[in-house]
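Here is the structure we will look at, set down as structure tokens.
The values are calculated or read from the model by the stated rules, or taken from the named source; none is laboratory data. Computed from a prediction, not measured in an experiment: that's the story for all the values here. Cβ sites come from the backbone with ideal geometry, for glycine too, and all protein chains shown count toward neighbours. Surface accessibility is based on the protein's heavy atoms, side chains included, excluding ligands, DNA and RNA. Shrake-Rupley method; radii C 1.70, N 1.55, O 1.52, S 1.80 Å.
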Amino acid sequence: MENDKCSKVELARLGAGACVVEDQVYLWRGDSDGRTHVNDLCVLDLNSTGTLRRVRTDSDNLSQFPLGSCSMAICSIGHVIYTFGGWHSDKLYYSRSDLVHALDLQKMIWREVVAVNPEVRPGRKDKCGMVENLGNLCIFGGYGYRTSHQEKEGLFSQEPGGFLCWTNELHLFNVQTREWSVPECVGTPPPPCAAFSFNKIDQHRVLLFGGRQCYGRVNDVHILNMDTWEWSGAKYPIGDLWPSPRSFHSAVCLRDPNSGSTRCQKLLVLWGMDLQADPINDIWLLDVDQMKWTQVSCLAIWYLHSNTSCSVVTMCCRRSTCLAQY
């Protein structure tokens, strides 16, 4: 395997995907400069000095590589990293993807995971959320193209004067059977949205915060129970302190290593884009149990477009909080 240091120039990209597997942070970094099939993966070892290195990946043929894309969804199941969607340039035009790719971390080989029922898959989109659930990829929301098989009222919100739309469609993809399915949800889901944070706070629940909807950016909190497929509806935290509406922010689940629990105790939310499309310079902590926000002092602005979190980290321990663009 070929390893190279990642220079600052190489890091100057937009909309990269990041995923944590054990003590490694994997950054799949594609931008929209007209290149397709970008073979560019960087790895940060949390147990070492924090050196970011580039590793070589391979595939059986060139078409098996994911397109060099911005704002794809990414997560891991075991020692395999999966990506879905994203916005990319194919030299002559810009497009969005509806494909699933997998990277075997033991062989460092990419492959496209071809669905047996592609007629059920989501539309081509980017800026959606994706988490693992019982061997499935759970994919929600995003911005892109309407799917002809999903005409249920309220699933899409068309951009005024355009052909792209926000969506709140929810899909599952079984990585073993390669089947798409659409769970029947109950409760009140978020309106069609994109560029939100989508964090798994325990084995059964996902917390969605913020994002961009058709009428603007929001600061709502929604929780999805993946056992019952019930949406909580907008949850309004206790107290007067509350982050301003935003999208393209970062969010990381924090766990206490001494508690013995894998449940997320606090959600760290960083930066983002405000209602005027300007960068936001603040950091917040949400107590997940009490639904109470606390603002964290922020000394300097660090703004990256399409910015979100990749990792679940521990509190009060030697590991770093790892953030990356999404």
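Which residues' amide hydrogens lie under 5 Å from the amide hydrogen of Val175, considering only partners 5 or more residues apart or on another chain, with H built in the peptide plane?
Correct list: Leu137.
Using only protein heavy atoms and a 1.4 Å probe, report how much of Glu22 is accessible, in Å² to the nearest 10.
Counting only protein heavy atoms, the figure is 130 Å².
Which of the three applies to the stretch 191-284, rounded, prolate or oblate, going by the alpha-carbon gyration tensor with a ≥ b ≥ c and a/c under 1.5 meaning rounded?
Note, shape of the stretch 191-284 comes out oblate.
Name the shape class, rounded, prolate or oblate, that the alpha-carbon gyration tensor gives for the stretch 109-250, where a ≥ b ≥ c are the square roots of its eigenvalues, rounded holds for a/c under 1.5, and otherwise prolate holds if a/b is larger than b/c and oblate otherwise.
Cα axes put the stretch 109-250 in the oblate bin.
Simple spin-label model, 7 Å along Cα-to-Cβ: Gln276 to Asn225 in nm?
4.2
Roughly how many Å² of Thr188 are accessible to a 1.4 Å probe, to the nearest 10?
90
How high is the FRET efficiency from Gln176 to Tyr215, r the C-beta distance, R0 51 Å, rounded to 0.05?
For R0 = 51 Å, the calculated efficiency reads 0.80.
Where the accessible area of the stretch 239-288 is counted over protein heavy atoms with a 1.4 Å probe, how much of it, in %, is carbon and sulfur?
Roughly 51 percent, rounded to a whole number.
Counting only heavy atoms of protein chains, what accessible area per residue, in Å², does the stretch 160-250 have with a probe of 1.4 Å?
Solvent-accessible surface per residue comes out at 41 Å².
What order, most packed first, do the peptides 283-291, 240-248, 207-215, 124-132 have when packing is the mean number of other Cβ atoms within 10 Å of each residue? Don't skip to the answer; put the middle values down first.
Numbers: 283-291: 17.1, 240-248: 18.7, 207-215: 21.7, 124-132: 24.1.
My ranking of the peptides, most packed first, is 124-132, 207-215, 240-248, 283-291.
Determine the sum of side-chain charges near Arg263: Lys and Arg each +1, Asp and Glu each -1, restricted to other residues whose C-beta is under 13 angstrom from that of Arg263.
Cβ neighbours under 13 Å give a net charge of 0.
Starting from 0.36 nm per residue, how many nanometres of slack lie between Thr51 and Lys292 once their C-alpha separation is accounted for? Walk me through the numbers before you get to the answer.
Working: separation 241, 0.36 × 241 = 86.76 nm, distance 3.54 nm.
In short, 83.2 nm is gained.
Net charge around Arg111, counting only other residues with Cβ within less than 11 Å of its Cβ (Lys, Arg = +1; Asp, Glu = -1)? Intermediate results must be reported in sequence, preceding the final value.
Details: positive: Lys107; negative: Asp58, Asp60, Asp104, Glu112.
Here the count lands on -3.
Just check the stretch 250-295 against the gyration tensor rule for me: Cα atoms, a ≥ b ≥ c as the square roots of the eigenvalues, rounded for a/c under 1.5, and otherwise prolate or oblate depending on whether a/b exceeds b/c.
It comes out prolate by the Cα gyration axes.
Protein chains only, probe 1.4 Å: how do Phe163, Phe198 rank by accessible area, largest first?
Phe163, Phe198
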